[in-house]
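Student: Sharing a structure below in structure tokens format, with a few things to ask.
Computed from the coordinates by the stated procedures, all read-outs in this text should not be read as laboratory data. Note that this is a predicted model, so its numbers are computed, not measured. Quick reminder, even Gly has a Cβ in these numbers, built from the backbone with ideal geometry, and neighbours come from all protein chains shown.
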Amino acid sequence: MGPLLRRIGSPLALPSWRLAALLGLALIAPAALPAGGADRRQPELRRRQAGDPLLATGPLALRTAPRQQAPALVRLEAGEPLELLRSWWSPGGRRWLQVQTAAGPGAPRRGWLAG
């Protein structure tokens, strides 16, 4: 019973290089075929015009100062338009952006975002 179990539980009897070649071909070949979902067209680039606003990429904290520990003024939602006022590099090498939002009356309009 021992030899029978070993024979059933053993992997394929292919040499390791053939198995690796077969797996590599099976993983790479379908992506290059039209049925594999490959798209041969290059995506179109849309260049931002000088007057276009920047858009927040996700929920971001608009901070009072260019420091990670600075209190957050407001949380910006994804897609909110921003106007870049200036860029600043901290001594630690982190980039900060001073932005202005198109917020309603009474809401903070200027603050800092980690870039």
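Student: When a footprinting reagent is the concern and you count Cβ atoms within 10 Å, what order do Trp88, Trp96, Trp17 take, fewest first? Working shown, then result.
Tutor: Numbers: Trp88 12, Trp96 20, Trp17 8.
By the 10 Å Cβ count, ascending: Trp17, Trp88, Trp96.
Student: Compute the projected area of the convex hull of the Cα atoms of region 54-114, averaged over all viewing directions, and report it in nm² to one decimal place. Intermediate results must be reported in sequence, preceding the final value.
Tutor: Details: hull surface 15.7 nm².
Directional mean of the projected Cα hull area for region 54-114 stands at 3.9 nm².
Student: Just subtract the alpha-carbon distance of Val74 and Ser90 from 0.36 nm times their residue separation and send over the number in nm, one decimal. Provide the component values of the computation, followed by the final result.
Tutor: On the way: separation 16, 0.36 × 16 = 5.76 nm, distance 2.17 nm.
Result for the pair: 3.6 nm of gain on full extension.
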